[in-house]
1. Any residue at all in region B:427-445 that's open to solvent by less than 40 Å² (accessible area, probe 1.4 Å) and not in a helix (DSSP H, G or I)?
2. Restrict the check to region B:209-223 and report whether at least one residue is touching a residue at least 40 places away in the same chain (Cβ under 8 Å), part of a helix (DSSP H, G or I) and in the same structural domain as B:SER181 (by TED's automatic domain parsing).
3. Can you go through A:ILE117, A:ILE14 and tell me which one is within 14 Å of another protein chain (Cβ to nearest Cβ), buried (at least 22 other Cβ atoms within 10 Å of the Cβ), in contact (Cβ under 8 Å) with a residue 60 or more places away in the chain and assigned to a loop (DSSP other than H, G, I, E, B)?
4. Which pairs do you get when a residue that is more than 13 Å from A:ILE209 (Cα to Cα) and more than 13 Å from every other protein chain (Cβ to nearest Cβ), found in region A:247-274, comes within reach of a residue that is modelled with pLDDT under 95 and part of a helix (DSSP H, G or I), reach meaning Cβ atoms under 8 angstrom, with the pair 6+ apart or on two chains?
5. Name every residue in region B:30-80 that is charged (D, E, K, R) and open to solvent by less than 50 Å² (accessible area, probe 1.4 Å), in order of residue number.
6. Pick from region A:212-228 the residues that are under 18 Å from A:VAL258 (Cβ atoms), of a type in the set (A, V, I, L, M, F, W, C) and in contact with a helix residue (DSSP H, G or I) (Cβ under 7 Å, 6 or more places away or on another chain): which of them is least open to solvent (accessible area, probe 1.4 Å)?
7. Here are the criteria: (1) under 19 Å from B:LYS18 (Cβ atoms); (2) within 11 Å of chain A (Cβ to nearest Cβ). Tell me which single one B:VAL246 does not satisfy.
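The values are calculated or read from the model by the stated rules, or taken from the named source; none is laboratory data. What you are looking at is a predicted structure, and each value in this text was computed from that prediction instead of being measured. Here the Cβ positions follow ideal geometry from the backbone for every residue, glycine too, while neighbour counts run over all protein chains shown. We work out accessible area using only protein heavy atoms, side chains counted, and drop any ligands, DNA or RNA first. Shrake-Rupley method; radii C 1.70, N 1.55, O 1.52, S 1.80 Å.
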Amino acid sequence: MEEQRLIVTASPHIRDNSTTRGLMGNVIIALVPSIVAAAFIFGMRSLLVVGVTVAACVGFEYLYTLLLKKPNPVGDLSAVVTGIILALNVPVNMPLWICVVGAFIAIVIVKQLFGGIGYNFANPALIGRIALFVGFATRMTDYVYPDMAVDALATATPLAVDAGGVSLLDMFLGLHGGMMGEVCALAILLGLAYLLATRTIGFAIPGSIVITMFVLTFAATRDLHATLVELMAGGLLFGAVFMATDYVTSPFTTGGKVIYGIFIGLMTFLIRNFGSMNEGMSFAILLGNLLTPWFNDWSHQIPLGRTKQKKAKKEKAAAASAGKGGAA
Amino acid sequence: MLKGLKRSAKGARVPHEKATAGMATVKMPVPQHVVIPMQMHIGAPAQPVVKKGDTVMVGTLIGQAGGFISADIHSSVSGTVLDVAPMRMVNGTVCKAVAIKADGHQTLDPACTPPVVTDKDSLLVAIRACGLVGLGGAGFPTAVKLAANTIDTLVINAAECEPYLTTDTREMLECSDTILSGIDAVMKYCDIPNCIIGIERNKPECIDLMFSLTRDMPGVSVKPLPMRYPQGAEKTLIETCTGREVPQTAPNGKGGIPADCGCVVMNVTSVSTLGKYLKTGIPLVTKRITVDGDAIAKPGNLEAPIGALYRDVIEACGGIKPDVELGKIIFGGPMMGGAAPSADFPVLKQNNGLLLLSRKAAALPEAEPCIRCGRCIQACPMGLEPVVIAENFKNRDFDALQARCIDLCVACGSCTYVCPAKRPVSQTMALAKAWYLKEKNGKAGK
Ligand code: SF4
Ligand code: SF4
């Protein structure tokens, strides 16, 4: 026995086999159905857009860390995920150089300038999408419509037409206009099933967003058909499954996740119905991202056996009432 | 679902690795000498009552309890005292230890006779004379725990949630009679009406056995527990078995203990040791330990004299596999046990495992940046928020740490185990807790 060389570390001495890279890999696998669906619905150019965006994201991350002599994080695959999600958030005929601009904004400005993975205040792909939406509005709404769709959908995104005339099956399969990744509900649900099965994400965020939207829309329209169309249209499902669930920018606890989801559902509903934009989802998620620190503060868990600190509470209450008294 | 909103407390899904569960306990050959430290329990160290050159027998008192919270210590071999001197323990602290050269005869001290127990006081005296401490790992003197008189439920901890370890499993399969007599004595003399035996579901044969044996014992029930680490952590166990929560702060302002919610937890091997002592009068001088890991030639369950060196234990199990490079020696389980810097440390009362890992199995992945996934929060059995606490600790924010109840951390390691970024989260928690307690004491002193 060569005891001089024994390893001494603090417990625990074993770890589970999850890794950042593995989790990101799961997200990539979950995105594959959406990529395939985009290729089917919009043609092979979708693959080109995805490829270029991913390459740009990874390239920017690599260059940035190389220039600043930081450890190279490309191995954790998070830039690949950002790239795919960003690509699936643009229409298929998006000029490639604009995709590269989006990648630059997402990776360099939103992610790396704030300190890399774990420090970004909002989902990089989401900000990329919003920046492109603001900067290149006409391009971003220049939807291409699948040849196969023959009904009312052929002319507009379903959020802009009378919902009554829309086939639910077409909506479900993705035969309508929109961003590449968000049209095919079937592919997104497959991805969700994979993410849930591998415990990459929990049901709390996507569930609470969709249920909130469902309840609100149904209450407003009292029409099941229109409600379902509303749920499958626009970026709602894709955002709820792949963008709102970004670890860094969503709350920690289950309670926080539910509040966050309800908030996003509510904001989407409000923007879609009372705002001027059909695409309320990305702004709703952005608001949710920005409020995440507060959601975290409001949703702390109750530790086992916690004894309430009465003194501290009383002091606080006293301070509060004193403040009030002073104001009055 | 609603409970999940309060706190997720899912624990960690650790592997079981209970390969030694089916291996009957083997008595370890008497080693040439043993080293018995005077501190094998929480509380004051025992005072040595023998000196160099004394002759001792198995069961001879060699260390007298050094206070109320302390425990007697007995010789585990017959032979001659080599030395009484300070030694550095495996955890880095220093305490006195008695080294004894064994004569190999294992003569029993004639003073070891079954105690006469008629009421609670005489039971507590007997428990003290047995030198019994919590054998699950904590080593808290049993007599102190049972002295409380607010207890209505005795919880027997047979969860054995640590991977690899199977000593409690073997205890149940091999010594069920003394387990039951021990439970019976505690319930009868301490006037405790209920007893719940908690056993993790990965030990169906133990659950069946205990069910059938306790069927006719009034007040005793068996509770199969979910297979989640750390199911055997005292507070988690009490919550699962009784639904009660051990309060964070006791009415007297100190940290809460199980007695504050009417419970007392005894490890199944502890209660069985009590049963044995009441029957034979032989105090706690041997301990069953699971010897396992990918580097040991013959894994198994070994009954070792307390004070036997790891070196001799390894020898008794066929030594290290010849083609394997030993990387790590862990005393205890892989989740909460410590790593030993060498094989020259003795087996203690509260040790229940010795794991020999190869260099490959001992290698740990490197830490990466936190991705704020919240998995540590979901896992924490106490409902703490390690990632938030780590941030508060970085800012040395006393009030935030207080609000997040860092003092409740039980150092179970679940948060580190599940972290996908492979961060040593529980280590940070331990530092944060130590800092918090120091600050708190400083404030109280002012
Ligand atoms: S589990 Fe690890 S990566 Fe996830 S939030 Fe906790 S410390 Fe960060
Ligand atoms: S070590 Fe502490 S913080 Fe980490 S899971 Fe265990 S109790 Fe929770």
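1. No, the conditions are met nowhere in region B:427-445.
2. For region B:209-223, residues touching a residue at least 40 places away in the same chain (Cβ under 8 Å), part of a helix (DSSP H, G or I) and in the same structural domain as B:SER181 (by TED's automatic domain parsing): present.
3. Answer to the check: A:ILE117.
4. A:ILE271/A:PHE283; A:ILE271/A:ALA284; A:ARG272/A:LEU159; A:ARG272/A:GLU230; A:ASN273/A:ALA220
5. Hits for region B:30-80 are B:ASP54, B:ASP72.
6. A:MET213
7. (1)
Yes/no matrix, rows are residues, columns are (1) away from chain A (no Cβ under 14 Å); (2) more than 16 Å from ligand 1 (Cβ to nearest atom); (3) surrounded by fewer than 22 Cβ atoms within 10 Å (Cβ to Cβ):
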| position | (1), (2), (3) |
| --- | --- |
| B:VAL133 | yes, yes, no |
| B:GLU160 | yes, yes, no |
| B:GLY182 | yes, yes, no |
| B:LYS188 | yes, yes, yes |
| B:SER212 | yes, yes, yes |
| B:LYS235 | no, yes, no |
